[in-house]
1. Could you identify the single residue in B:204, B:160, B:180 that is surrounded by 24 or more Cβ atoms within 10 Å (Cβ to Cβ) and in a helix (DSSP H, G or I)?
2. Only one of (1) in contact with a Cys (Cβ under 7 Å, 6 or more places away or on another chain); (2) more than 14 Å from chain B (Cβ to nearest Cβ) fails for residue A:277. Which number is that?
3. Here is a list: B:595, B:614, B:610. Which entry is free of Cβ contacts under 8 Å to residues at least 40 places away in the same chain and either touching a Lys or Arg at 6+ places or on another chain (Cβ under 9 Å) or within 11 Å of chain A (Cβ to nearest Cβ) (or both)?
4. For residues that are out of contact with any Cys (no Cβ under 9 Å at 6 or more places or on another chain) and either among the aromatic types (Phe, Trp, Tyr) or touching a residue at least 60 places away in the same chain (Cβ under 8 Å) (or both), tally how many sit in the range A:57-74.
5. Select from the range B:186-206 the residues that are over 29 Å from residue B:445 (Cα atoms) and of a type in the set (Val, Ile, Thr) and list them in ascending order.
6. When you scan the range B:21-136 for helices (runs of 4 or more DSSP H) that lie fully inside it, which ones turn up with 2 or more residues that are touching a Cys at 6+ places or on another chain (Cβ under 9 Å) and surrounded by 14 or more Cβ atoms within 10 Å (Cβ to Cβ)?
7. Could you tell me how many of the residues in the range B:506-561 are part of a helix (DSSP H, G or I) and not hydroxyl-bearing (Ser, Thr, Tyr)?
Amino acid sequence: MQEVMKKRAKELLASGEVTRVIGWKKNEFDYDITPAVFETAEAIDRDFVYDDFCGPNLSKFTFQHQKNDTKTLVFLKPCDTYSMTQMVTEHRVNRDALYIIGIPCFGKIDIEKIKADGMTGILSVTSEGADVKVHTLYGDKTYVKIDVMAERCLACKSKYHTIYDELIGEEGEVMETDRFDQVKELEAMTPDQRFEFWRGELSRCIRCNACRNACPACTCESCVFDNPESGIAQKAAADSFEENMFHIIRAFHVAGRCTDCGECSRVCPQHIPLHLLNRKFISDINGYYGEYQAGEEVGQRAPLVNFTKEDVEPDVVAKGGK
Amino acid sequence: MQKIGVFVCHCGTNIAGTVDVKAVAEALGKEPGVVFSTEYQYMCSEAGQNLIKDAIKNYGLTGIVVCSCSPRMHEATFRKTAAAAGLNSYMVEIANIREQCSWIHKDVKVATEKAIVLGRTAIAKVALNTPLTASETPVVKRALVIGGGIAGIQTALDIADAGYEVDLVEKEPTIGGKMAQIDKTFPTLDCAACILTPKMVDCAQNEKIHIYAYSEVESVKGFVGNFNVTIKKKARFVDETKCTGCGICTEKCPMKKTPNLFNLGLDNRSAIYIPFAQAIPKIATIDADYCNMLKNGKCGVCSKVCAAGAIDYKQQDQYIEQQYGAIVVATGFNPIKLDNYSEFAYNESPDVVTSLELERLMNAAGPNGGTLLRPSDKTHPHTIVFVQCVGSRDTTDCGKPYCSKICCMYTAKHAMLIRDKYPDTEVYVFYMDVRTPGKNFDEFYRRAVEDYGVHYIKGMVGKVMPQPDGKLLVRGSDLLTDEQLKIEADMVVLAAAIEPDKTARPLATMLTASMDTNDFFTEAHPKLRPVESPTAGIFLSGVCQGPKDIPETVAQASAAAAKVIGLLAKPALKSNPCTAHSDENLCNGCSSCERVCPYGAISYVDKEFRMPDRTTKVRRVASVNPAVCQGCGACTVACPSGAMDLSGFSNKQIMAEVDAICR
């Protein structure tokens with residue numbers, strides 16, 4: 001797959017169809033992958049990679065590195081395309097300046113799961129089919145891929161690309177998932193238990209803003225938390241409750257726009273399951289307004305910013321919380 | 001530096017009875033920015049207003065807070081007061097310490113404390129107010145009336161009479177509504193059709209009135225003076241411009257087994273039909289659920305016999321867009337479904353009928369040509385039992401808590417008419433109370449009892465049991481004699497409660513007009529503004545606002561028309577200066593605001609921005625048309641980056657209010 005992608009990227013660069021390529025770049029370790037812009041065939045040959053560690057959603061990176069005056073090639077996994085579609089709907093990227101190639105994804109590996117198993121001194125990790133071979137200073141170990149797959153990939157919602165100019169590989173389908181199981185567990189808690197759960201999780205937050213920076217729904221010109229005029233910036237730093245408020249406000253801001261790509265939880269250095277906040281909103285929106293998946297189609301109208309005669313009356317909305 | 005004046009009103013004892021107004025004035029006098037604080041018996045009186053004017057001049061006030069009743073009552077008054085003293089009228093805030101405080105609390109300490117918080121909140125807001133100036137918008141000189149019953153007809157006629165264009169939208173193929181189905185009207189017993197059809201004809205002939213029959217309101221946008229409405233004209237499969245209403249198609253149509261809805265399904269008609277002889281417009285309509293041609297593509301008889309060539313099986317729904325200055329809701333009512341009342345055996349026996357069905361059974365154009373016969377075997381009934389309050393004044397979940405208001409009178413009418421025409425028929429009426437307020441109403445009811453010998457029994461029917469011989473065994477109790485009664489009846493007539501038409505709720509949502517828990521439209525003030533909705537430019541006519549008989553409906557319909565005429569006669573309306581605006585530096589151009597805007601006031605422009613590194617960037621940003629914006633604020637909460645803000649209700653002001661409450 002990686003070689004096919006490299007070849008196609010170089011072709012498009014050579015033909016002048018695109019002048020830049022957005023993809024993934026290998027760093028010091030196999031599992032340490034970052035998004036990158038490639039401008040030459042040499043750079044692609046040297047650094048371009050696509051493997052089971054290429055988790056980062058390139059849509060947000062594309063937004064950050066977009067250029068209007070030239071065409072950029074971007075490779076998108078199925079779940080990345082939902083984010084891209086949502087951004088196009090919100091006019092946050094210039095679709096005309098992009099050449100999108102949809103690529104298949106068979107689930108990404110979460111290195112933290114391997115490390116949690118006690119593996120240290122990891123030299124390399126190779127993934128072939130269902131086998132994940134970990135080569136360390138102290139010996140080798142082989143895992144079954146599904147055991148070390150990222151949580152979000154275990155609850156994969158779709159193998160289907162919602163936006164692309166061309167596809168490499170075969171188009172997949174929208175999947176049946178049990179991604180709301182954990183939401184149901186949270187809903188089953190008493191308000192006190194739930195409050196304690198979230199205080200426990202959110203108290204670890206160090207306000208590094210990684211979630212906000214990675215989130216493809218967080219594309220505001222100026223974030224309300226950075227705008228002293230908003231009256232919110234200081235709210236999120238008022239007291240020990242700040243971290244909680246930051247994440248809850250953020251969840252409200254992306255409600256109805258979040259595609260459930262899971263980047264917030266992936267990038268969190270404190271391993272806070274932030275995606276659960278968003279999933280709760282998605283599950284509520286589905287319940288109140290009928291099934292809705294953000295980023296399915298360009299121009300779709302999200303239930304929260306739309307009106308239909310069938311909309312629930314406000315008194316139907318359940319009461320909860322503390 | 002702000003100089004704020006606070007004026008606390010006693011409202012007689014309305015506020016002062018539960019709120020220590022002196023303590024409120026004293027406490028609010030210590031708030032930052034407040035330079036003057038006082039209380040007075042009636043702030044809205046001329047003396048009270050003079051007190052405000054003097055304080056504005058003497059203390060050079062830059063903003064005032066009036067702690068009084070709801071801003072709905074006197075905000076306009078105090079804005080004028082401020083303007084008269086040279087203060088911008090938008091530098092006035094009202095703290096509602098009556099409806100939201102004194103009226104709902106009994107404890108003086110609690111109420112006083114809350115009044116202080118409410119006052120403090122208004123002070124926090126007024127400190128951030130900025131002077132605003134209203135502009136003017138024109139009024140479209142055309143009215144829309146939704147519902148073509150007697151209410152809608154009367155309203156349309158009166159508006160047209162004043163010289164304004166009116167569009168009358170009716171969802172059925174003909175106007176006329178429920179009144180067209182009624183046989184005789186109380187208390188005069190004149191025939192309903194005889195008094196209604198001339199008005200229907202007037203509507204059709206009036207060149208100012210355009211009737212959209214078999215049509216529904218699809219969407220409503222805009223605001224008072226400038227509503228944009230889409231009307232869906234449902235496909236009749238008959239070309240209105242060609243059909244002459246001759247009725248040959250209805251005679252020749254082979255699908256004769258179509259339930260006749262005008263006769264409430266008591267008999268059948270053809271699949272192509274004209275609801276009744278005097279229908280307006282008199283145009284045939286094909287019932288797509290029964291027409292063989294539309295269902296299976298086989299038949300086409302009507303098309304062959306139509307000399308005018310009006311049949312068009314391929315006709316589609318049409319959408320018409322029109323602008324209106326005012327909208328009148330006249331959506332009317334229906335009897336409730338009686339599925340929850342199995343004790344009356346309505347679904348078991350065809351001889352148990354509703355009162356509206358009885359109207360059709362007695363009507364000359366009804367299924368029996370005006371002779372009252374039992375639906376089951378077409379024999380003459382000798383004993384008829386009427387049951388009142390079926391679903392009315394019922395506080396269980398089955399029925400309606402309110403009195404349907406018309407049933408006592410129409411039941412007396414039915415009983416009297418039956419006794420008059422068929423003196424050998426015994427008539428029993430079970431009632432909870434007989435309610436006959438109204439001109440000549442009690443006299444009418446007494447005639448039924450005294451002159452016509454109708455047996456009125458105070459009590460409820462417990463059970464109606466169909467017997468094998470076709471009789472209906474009615475078990476009930478007579479509360480006055482404390483007896484259990486068993487009556488062998490031939491027919492039972494149920495005075496089913498009335499409820500607002502089901503189309504009213506979605507319509508209310510489209511109009512942003514409020515409704516009560518029973519789905520009746522709410523009036524702007526229950527006593528003083530009974531024909532206006534709280535939403536500007538929306539007026540109420542007939543039963544959609546609450547149960548009414550025909551004279552009351554007609555009176556209200558004319559009242560609504562008078563309000564509409566008053567609005568349309570204005571050359572222009574003062575527009576609300578509290579409109580939204582976007583901070584282009586923060587705007588993402590994401591379209592969220594445009595999507596929630598009910599008025600279509602937001603559009604987007606590409607603008608060039610200078611970036612920190614001296615480059616320029618073209619971005620898509622929102623732009624609000626202040627002439628169209630109504631200041632609802634939906635965009636300000638939809639905006640993810642906080643770029644949208646509302647003059648007079650800025651995000652900062654609202655935050656300041658919240659902070660003041662939480663302090």
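The values are calculated or read from the model by the stated rules, or taken from the named source; none is laboratory data. In this text, all values refer to a predicted model and were calculated from it rather than measured experimentally. Please note: Cβ atoms are built from the backbone with ideal geometry, for glycine as well, and neighbour counts cover all protein chains shown.
1. Working: B:204 fails: surrounded by 24 or more Cβ atoms within 10 Å (Cβ to Cβ); B:160 fails: surrounded by 24 or more Cβ atoms within 10 Å (Cβ to Cβ).
The conditions single out B:180.
2. Failing condition for residue A:277: (1).
3. Details: B:595 fails: free of Cβ contacts under 8 Å to residues at least 40 places away in the same chain; B:614 fails: either touching a Lys or Arg at 6+ places or on another chain (Cβ under 9 Å) or within 11 Å of chain A (Cβ to nearest Cβ) (or both).
One residue alone meets the criteria, B:610.
4. Result for the range A:57-74: 3.
5. Restricting attention to the range B:186-206, the residues satisfying the condition of being over 29 Å from residue B:445 (Cα atoms) are B:200-206.
Within the range B:186-206, just B:201 meets the criteria.
6. Details: elements: B:21-29, B:46-59, B:71-84, B:108-126.
Those helices (runs of 4 or more DSSP H) span B:21-29, B:71-84, B:108-126.
7. Initial filter on the range B:506-561 (part of a helix (DSSP H, G or I)): B:506-511, B:542-544, B:550-561.
From what's left, not hydroxyl-bearing (Ser, Thr, Tyr): B:506-508, B:510-511, B:542-544, B:550-552, B:554-557, B:559-561.
The total comes to 18.
Residue-by-condition table, conditions (1) more than 10 Å from every other protein chain (Cβ to nearest Cβ); (2) farther than 28 Å from residue A:250 by Cβ; (3) without any contact (Cβ under 8 Å) to a residue 24 or more places away in the chain; (4) not hydrophobic (A, V, I, L, M, F, W, C):
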position: B:640; (1), (2), (3), (4): no, no, no, yes
position: B:643; (1), (2), (3), (4): no, no, no, no
position: B:651; (1), (2), (3), (4): no, no, yes, yes
position: B:659; (1), (2), (3), (4): no, no, no, yes
